[in-house]
Amino acid sequence: RRQRTVFFSLSRSLNSFAVTMLSVLRKRAADSLLRAYSTRASQIVFGEDGKILPHGSDAVRDLMTSDASAKDNCNYTIELNERQACDVELLNVGGFNPLDGFMNEDAYHSVVDKMRLPNGLLFGLPVVLDTNNDAIKPGSKILMTYKGRDIAVMDVESRWTPDKVKETSQCYGSTSLEHPAVQMVAWERGQHYLGGKIHGLGLPERVFPCASPAEVRKMLPSKTDVVAFQCRNPIHRAHYELFIRSLDAPNVAEDGVVLVHPTCGPTQADDIPGIVRYHTYEVLQKELNNDRVKWAFLPYSMHMAGPREAIQHMLIRKNYGCTHFIIGRDMAGCKSSLTGEDFYGAYDAQNMAMEHAKELGMDTVPSLNVVFTEEKGYITADVAEKEGLAVKKLSGTKFRQMLRGGEDIPEWFAFKSVVQVLRDHQKNAQ
């Protein structure tokens with residue numbers, strides 16, 4: 001954007017045919033870049049509060065109730081696991097807007113088969129409550145608790161035994177138990193699914209705060225672009241370069257901000273625990289101290305579903321007030337637990353997101369492939385290759401080995417403050 005301004009200014013001042021032609025070519029290149037690396041929605045619709053309208057409605061649907069009698073006459077009590085508690089919390093606060101509870105059987109089948117609710121609205125993955133209790137039936141009323149705390153009441157409207165093979169094939173593109181989400185559906189979820197409206201009674205008590213969509217929207221600027229950055233690991237230098245450079249993307253307003261919105265719910269077994277990740281985000285937020293970088297945390301249980309999860313993340317972030325979403329290479333991807341091979345192509349999630357961005361009323365900002373070079377620091381990989389620069393690399397495996405061994409971590413790879421948090425937690429765990 002700034003370069004275009006310079007070119008046009010030179011054209012006017014020098015009145016040079018050559019410079020004019022260069023200006024035209026530069027504009028064409030920028031337009032081509034915009035078409036290739038961003039999908040500008042036809043219109044981002046803002047509500048009366050100056051924030052983007054949530055997914056599928058004019059306002060975020062908050063399911064919390066102050067009615068003390070809401071839990072009267074409950075037939076059953078279910079103690080939620082961490083994954084289920086994340087789903088209920090997002091339903092309670094409107095993160096899964098416009099859902100008013102767990103999907104009924106017709107909605108479940110529609111999302112599995114078509115990636116859409118029965119009314120045609122896009123929805124990436126089904127949101128259901130699972131159980132092994134054969135006695136719970138339509139008409140039952142369930143009190144849901146988490147760690148002994150009342151979280152919600154559910155009016156059961158439907159119960160069914162899902163075809164889990166079909167579900168995993170459609171949603172994850174695989175039925176292999178080498179896929180972590182297939183394992184979750186096959187081994188962790190109960191044999192029955194339940195659907196029905198819920199009434200929120202409270203939120204899980206967490207060691208890290210998860211602001212609701214309403215709370216996040218209040219802290220965001222009005223009538224401008226908000227770029228969401230999703231991550232599930234500590235933020236290192238390359239991650240920082242990705243989200244800070246997104247503010248210079250050609251389809252992002254000059255006064256736009258980025259919302260760093262990590263998932264702090266359960267992820268993969270070998271990922272760093274949520275509380276540790278939260279502490280790394282805390283220290284980095286203080287270190288960066290940048291008004292154009294906002295922070296919040298999402299109580300979401302990752303499926304590692306690749307393309308479909310990209311859609312799920314986008315609609316959730318739209319509910320939190322984001323207009324744009326950064327799509328990384330192999331976003332929400334995973335590898336076979338046996339062979340280490342990727343289940344999805346590197347750009348499958350990007351392609352899915354770009355294909356549906358206009359319908360979602362959002363924009364995408366595909367993440368740049370940035371590398372660190374000895375000569376110029378962080379630049380894009382194509383420039384480094386073109387100029388023959390010396391690229392420095394450090395794998396995640398090597399980083400963890402160095403961390404465990406107490407070796408110095410190069411500052412081009414990781415922030416000192418983040419490394420210190422990881423070391424402190426490592427010592428406490430011993």
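The values are calculated or read from the model by the stated rules, or taken from the named source; none is laboratory data. Computed from a predicted model, the values in this text were never measured in an experiment. Neighbour counts run over all protein chains shown; Cβ positions are idealised from the backbone, glycine included. The protein model used for the area step is the full one, side chains on, heavy atoms only, and it has no ligands, DNA or RNA in it. Shrake-Rupley method; radii C 1.70, N 1.55, O 1.52, S 1.80 Å.
One residue stands out in segment 119-146 among those that are of a type in the set (Gly, Ala, Ser) and closer than 27 Å to residue 356 by Cβ: the one that is nearest to the chain's Cα centre (by Cα), namely 124. Filtered by the rule that a residue be in a loop (DSSP other than H, G, I, E, B) and in contact with an Asp or Glu (Cβ under 8 Å, 6 or more places away or on another chain), segment 100-137 gives 104, 118, 124, 125, 126, 127. Pairing residues of segment 85-99 that are without any contact (Cβ under 8 Å) to a residue 60 or more places away in the chain and in a loop (DSSP other than H, G, I, E, B) with residues that are among the aliphatic types (A, V, I, L, M) and surrounded by fewer than 24 Cβ atoms within 10 Å (Cβ to Cβ), at Cβ distances under 7 Å and at least 6 apart in sequence or on separate chains, gives 99/127. Look at segment 147-170: where a residue is assigned to a loop (DSSP other than H, G, I, E, B) and a partner is buried (at least 18 other Cβ atoms within 10 Å of the Cβ) and polar (S, T, N, Q), sitting 6+ places away or on another chain with Cβ atoms under 8 Å, you get 156/140; 157/104. Each residue in segment 252-309 was checked for being in contact with an Asp or Glu (Cβ under 6 Å, 6 or more places away or on another chain) and open to solvent by less than 10 Å² (accessible area, probe 1.4 Å), and 4 pass.
I'd like to know if segment 324-335 contains one or more residues that are of a type in the set (Val, Ile, Thr) and over 23 Å from residue 265 (Cα atoms). Looking for residues that are of a type in the set (Val, Ile, Thr) and over 23 Å from residue 265 (Cα atoms), one finds none in segment 324-335, hence no. Being more than 30 Å from residue 422 (Cα to Cα) and of a type in the set (Lys, Arg) is a condition met by at least one residue of segment 308-321. Please work out if residue 72 is at pLDDT below 95, acidic (Asp, Glu) and surrounded by fewer than 23 Cβ atoms within 10 Å (Cβ to Cβ). When the stated conditions are applied, residue 72 passes them. Annotation note: Cβ proximity below 8 Å between a residue of segment 41-61 that is at positive phi and a residue that is of a type in the set (S, T, N, Q) and in a loop (DSSP other than H, G, I, E, B) (sequence gap 6+ or interchain) occurs for 50/222; 56/97.
Looking across segment 356-406, just one residue is open to solvent by 50 Å² or more (accessible area, probe 1.4 Å), of a type in the set (A, V, I, L, M) and assigned to a loop (DSSP other than H, G, I, E, B), and that is 368. Scanning segment 222-244 for residues that are open to solvent by 40 Å² or more (accessible area, probe 1.4 Å) and more than 18 Å from the chain's Cα centre (by Cα), which turns out nearest to residue 260 (Cα to Cα)? It comes out as 237.
Only one of the numbered conditions (1) farther than 30 Å from residue 146 by Cβ; (2) in a strand (DSSP E or B); (3) of a type in the set (D, E, K, R) is violated by residue 294, and that is (1).
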